[in-house]
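> My questions all concern the structure below.
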Amino acid sequence: MSQNQVSGAIRAPKPADPESAFGTKTKAAHAPRPSTPDLDPPGADQLGLSPEEIAQFREQGYIIKRGLIPPEVFEPFHALWWQQPPIVNSGVNENDPRTWVAPGKHWPPDQRWSTADNWMGEGAWPRDEDARRGAQAGERVGRLPHKLTQDIANDVWRWHGIGHDPDFVNATTAHPNVLHMAEALMGGPVKRPHRNRGIYSIFPRDPEGDESNLGPHMDANMTELMVVTYMSRIGPRQGGFTIFPTSPQRLYPTSEQAYNWVATDASREAMDAIKEDVVPLEFVGEPGDVLFAHALMVHSAGIHEGDNIRMAVIQDMNRSRQRTHMRWTAAGKNGAPRVHCDMDGCFRFPTDNTDDDPADGDREVTNQWIMDSNEFVESRVPPHEDIFAEWNLGREPVTGNVIDEQPWWERYNLPLLPEGDVPRGGGGMPAVSLDSIAEYEGDGVWRVDRHVWEPTDTSG
Ligand SMILES: [Fe+2]
């Protein structure tokens, strides 16, 4: 009986911040090797899985498909990319590669472009001078349509706002060839994706600045298949998405649950050992090349010493499964720490904090809206003996077994698509108030509403 099993009922594990990845402090011991096409198993340029690809996925946890998406389908999104605020406002010019170097110095520190008029406060997205009723000034606001950071040495623009553009989703995660591969790997029913995390662009670093380096982690989301699609040509040491092959096989048995990642001490030990033992693999490829990996793959933004802009679409895919409520996080007020919703659907606020009334429902609540599936999986079974016990991997032919579930933001009636004056490529979910998504039960406990997708019985 595990420590979370109490008289037959499995207690919800301690909730984690939806935005926190799983990682440990140790550094990667080895430099990455490039995934040049000569290393691909046979079949990399064909739809479907060869026996060698199945074997590689089982042993290493990934495959790369070359030219899976015709690069022409990206053209409209390339055109849109050059028109976005992080490019235009920082003077980045398509025809002058010198302007591509380290544009982050021109990005405003508050990173609040292109947001809809739907914040929980008065007016548009809050400016610094706006009062924030539901959280303290300086408290994080959650993901923005354009997340702009400097990661180790390189400026990074995560364009999440394009990730719910229906045409963009159709050209990437819901592209027929990608859906085919998802079913060939995971098996059906595949949950038809309605959003992805968008285009992550890594810019050439300032040559005077620090060297580019790896930051290995695992995303710790309710995701089964990680998919990375290139929209630009990436050679060695040009920001190629970097993975640690075999890491899913080593992490999976250490989780308390099969479908919801719940780390244990063994997970932290495995993570340290992976970084010590594994030679990472740098995804090198052309626009339209796609990396598929088990979602527990340890990964990192790539080392980028090149003069190119790395453009990759980061995607999460799942089977259609019974899920429960959204993984929410609530701001503390007056300096109190934030509180996360657990797998039972409860926020448990401390009742002994005189500065933060636990009954105060007028506080900002966010979820990780960049995800297509951000609801907990209902099943809390422990990991299976075989990590791929339920996967297809060549067992069944692909039949187009894809289920079009209603997206979570529609079920919860939450804003996500751009509205008002917000241009294409913007939008995203601002904070809502705790009392709009949960009921107060007393003793510091708020219980969230569930708007679950009910699978229809298709067995006939
Ligand atoms: Fe990540």
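> Has the stretch 200-208 got at least one residue that is within 27 Å of Q249 (Cβ to Cβ), in contact (Cβ under 8 Å) with a residue 40 or more places away in the chain and not aromatic (F, W, Y)?
No, the stretch 200-208 contains no residue that is within 27 Å of Q249 (Cβ to Cβ), in contact (Cβ under 8 Å) with a residue 40 or more places away in the chain and not aromatic (F, W, Y).
> Just checking, does the stretch 296-303 include any residue being under 29 Å from F168 (Cα atoms), more than 16 Å from the ligand (Cβ to nearest atom) and part of a strand (DSSP E or B)? Let's see the steps before the verdict.
First, pick out the residues of the stretch 296-303 that are under 29 Å from F168 (Cα atoms): 296-303.
Checking which are more than 16 Å from the ligand (Cβ to nearest atom) leaves us with none.
No, because not a single residue in the stretch 296-303 is under 29 Å from F168 (Cα atoms), more than 16 Å from the ligand (Cβ to nearest atom) and part of a strand (DSSP E or B).
This table checks each residue for (1) in contact with a helix residue (DSSP H, G or I) (Cβ under 8 Å, 6 or more places away or on another chain); (2) of a type in the set (G, A, S); (3) closer than 18 Å to G285 by Cβ.
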{"position": "K14", "(1), (2), (3)": "no, no, no"}
{"position": "R33", "(1), (2), (3)": "no, no, yes"}
{"position": "D38", "(1), (2), (3)": "no, no, yes"}
{"position": "I63", "(1), (2), (3)": "yes, no, yes"}
{"position": "V73", "(1), (2), (3)": "yes, no, yes"}
{"position": "P85", "(1), (2), (3)": "no, no, no"}
{"position": "N89", "(1), (2), (3)": "yes, no, no"}
{"position": "P109", "(1), (2), (3)": "no, no, no"}
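> Shifting gears a bit: Is it the case that T324 is of a type outside the set (D, E), away from the ligand (no atom under 16 Å from the Cβ) and closer than 30 Å to P189 by Cβ? Let's see the steps before the verdict.
Details: of a type outside the set (D, E): yes; away from the ligand (no atom under 16 Å from the Cβ): yes; closer than 30 Å to P189 by Cβ: yes.
It is true that T324 is of a type outside the set (D, E), away from the ligand (no atom under 16 Å from the Cβ) and closer than 30 Å to P189 by Cβ.
> Identify all residues within the stretch 305-320 that are surrounded by fewer than 19 Cβ atoms within 10 Å (Cβ to Cβ) and either closer than 14 Å to E378 by Cα or within 16 Å of the ligand (Cβ to nearest atom) (or both); write none if there are none.
Within the stretch 305-320, the subset surrounded by fewer than 19 Cβ atoms within 10 Å (Cβ to Cβ) is 305, 307-308, 320.
Correct list: S320 only.
> A further question on this structure: Given the condition among the basic types (K, R), more than 16 Å from the ligand (Cβ to nearest atom) and surrounded by fewer than 23 Cβ atoms within 10 Å (Cβ to Cβ), answer yes or no: does some residue in the stretch 361-370 qualify?
No, the stretch 361-370 contains no residue that is among the basic types (K, R), more than 16 Å from the ligand (Cβ to nearest atom) and surrounded by fewer than 23 Cβ atoms within 10 Å (Cβ to Cβ).
> Does any residue of the stretch 236-254 turn out to be more than 16 Å from the ligand (Cβ to nearest atom), in contact (Cβ under 8 Å) with a residue 60 or more places away in the chain and of a type in the set (A, V, I, L, M, F, W, C)?
No, because not a single residue in the stretch 236-254 is more than 16 Å from the ligand (Cβ to nearest atom), in contact (Cβ under 8 Å) with a residue 60 or more places away in the chain and of a type in the set (A, V, I, L, M, F, W, C).
> Another one. Can you say whether G400 is closer than 14 Å to S320 by Cβ and either modelled with pLDDT of 95 or more or in contact with a Pro (Cβ under 7 Å, 6 or more places away or on another chain) (or both), as far as the supplied structure shows? Walk me through it before giving the result.
Numbers: closer than 14 Å to S320 by Cβ: yes; either modelled with pLDDT of 95 or more or in contact with a Pro (Cβ under 7 Å, 6 or more places away or on another chain) (or both): yes.
So G400 passes the test.
> If only one of I303, I314, I274 is free of Cβ contacts under 8 Å to residues at least 60 places away in the same chain and β-branched (V, I, T), which one is it? Let's see the steps before the verdict.
Values: I303 fails: free of Cβ contacts under 8 Å to residues at least 60 places away in the same chain; I314 fails: free of Cβ contacts under 8 Å to residues at least 60 places away in the same chain.
After applying the criteria, what remains is I274.
> So which residues in the stretch 344-383 are under 30 Å from A295 (Cβ atoms) and of a type in the set (D, E)?
Across the stretch 344-383, the qualifying residues are D344, E364, D372, E375, E378.
> Here is a follow-up. Looking at (1) surrounded by 23 or more Cβ atoms within 10 Å (Cβ to Cβ); (2) within 24 Å of P15 (Cβ to Cβ); (3) away from the ligand (no atom under 15 Å from the Cβ), which is the only condition D265 fails?
(1)
> Output yes when any residue across the stretch 10-27 is modelled with pLDDT under 95 and not in a loop (DSSP other than H, G, I, E, B), and no when none is.
Yes, there is a match, as at least one residue in the stretch 10-27 is modelled with pLDDT under 95 and not in a loop (DSSP other than H, G, I, E, B).
> Do you know which of the residues in the stretch 268-295 that are of a type in the set (A, V, I, L, M) and not in a helix (DSSP H, G or I) is surrounded by the fewest Cβ atoms within 10 Å (Cβ to Cβ)?
Looking at the filtered set, the residue picked out is V279.
> Looking at V156 and the list (1) away from the ligand (no atom under 16 Å from the Cβ); (2) within 26 Å of A102 (Cα to Cα); (3) under 18 Å from the mean Cα position of the chain (by Cα), which single condition is not satisfied?
Checking V156 against (1) away from the ligand (no atom under 16 Å from the Cβ); (2) within 26 Å of A102 (Cα to Cα); (3) under 18 Å from the mean Cα position of the chain (by Cα), the one that fails is (1).
> Is it the case that some residue within the stretch 350-363 is among the small types (G, A, S) and at pLDDT 95 or above?
Within the stretch 350-363, one or more residues are among the small types (G, A, S) and at pLDDT 95 or above.
> Output the number of residues of the stretch 362-389 satisfying the condition of being touching a strand residue (DSSP E or B) at 6+ places or on another chain (Cβ under 8 Å) and not aliphatic (A, V, I, L, M).
Number satisfying all stated conditions: 12.
> Given the criteria more than 22 Å from E282 (Cβ to Cβ), touching a helix residue (DSSP H, G or I) at 6+ places or on another chain (Cβ under 6 Å) and within 16 Å of the ligand (Cβ to nearest atom), does R143 qualify?
Numbers: more than 22 Å from E282 (Cβ to Cβ): yes; touching a helix residue (DSSP H, G or I) at 6+ places or on another chain (Cβ under 6 Å): yes; within 16 Å of the ligand (Cβ to nearest atom): yes.
Yes: the conditions hold for R143.
> Give just the number: which of (1) at pLDDT 95 or above; (2) surrounded by fewer than 18 Cβ atoms within 10 Å (Cβ to Cβ) does E211 not satisfy?
(1)
> For residues that are part of a loop (DSSP other than H, G, I, E, B) and hydrophobic (A, V, I, L, M, F, W, C), scanning just the stretch 78-100, find the one that is nearest to I162 (Cα to Cα).
W82
> Among the residues of the stretch 181-196, is any within 16 Å of the ligand (Cβ to nearest atom), crowded, with 19+ Cβ neighbours inside 10 Å and either touching a residue at least 60 places away in the same chain (Cβ under 8 Å) or over 23 Å from Q46 (Cα atoms) (or both)?
Going residue by residue through the stretch 181-196, those that are within 16 Å of the ligand (Cβ to nearest atom) are 196.
Restricting the remaining residues to those that are crowded, with 19+ Cβ neighbours inside 10 Å gives 196.
Then keep just the ones that are either touching a residue at least 60 places away in the same chain (Cβ under 8 Å) or over 23 Å from Q46 (Cα atoms) (or both); that gives 196.
Taking every residue of the stretch 181-196 in turn, at least one turns out to be within 16 Å of the ligand (Cβ to nearest atom), crowded, with 19+ Cβ neighbours inside 10 Å and either touching a residue at least 60 places away in the same chain (Cβ under 8 Å) or over 23 Å from Q46 (Cα atoms) (or both).
> How many residues does the stretch 276-295 hold that are within 16 Å of the ligand (Cβ to nearest atom) and of a type in the set (D, E, K, R)? Working first, answer last.
Restricting attention to the stretch 276-295, the residues satisfying the condition of being within 16 Å of the ligand (Cβ to nearest atom) are 280-283, 291-295.
From the residues that got through so far, the ones that are of a type in the set (D, E, K, R) too are 282.
Of the residues in that region, 1 qualify.
> Follow-up question, since we're still on this one. Return only the number of the condition from (1) hydroxyl-bearing (S, T, Y); (2) within 30 Å of S379 (Cα to Cα); (3) modelled with pLDDT under 95 that Y62 does not satisfy.
(3)
> Looking for something out of contact with any helix residue (DSSP H, G or I) (no Cβ under 8 Å at 6 or more places or on another chain) and within 16 Å of the ligand (Cβ to nearest atom) - is there at least one such residue anywhere in the stretch 341-357?
No; the residues of the stretch 341-357 include none that is out of contact with any helix residue (DSSP H, G or I) (no Cβ under 8 Å at 6 or more places or on another chain) and within 16 Å of the ligand (Cβ to nearest atom).
The values are calculated or read from the model by the stated rules, or taken from the named source; none is laboratory data. What you see is a predicted model, and the numbers here were worked out from it, not measured in a lab. Please note: Cβ atoms are built from the backbone with ideal geometry, for glycine as well, and neighbour counts cover all protein chains shown.
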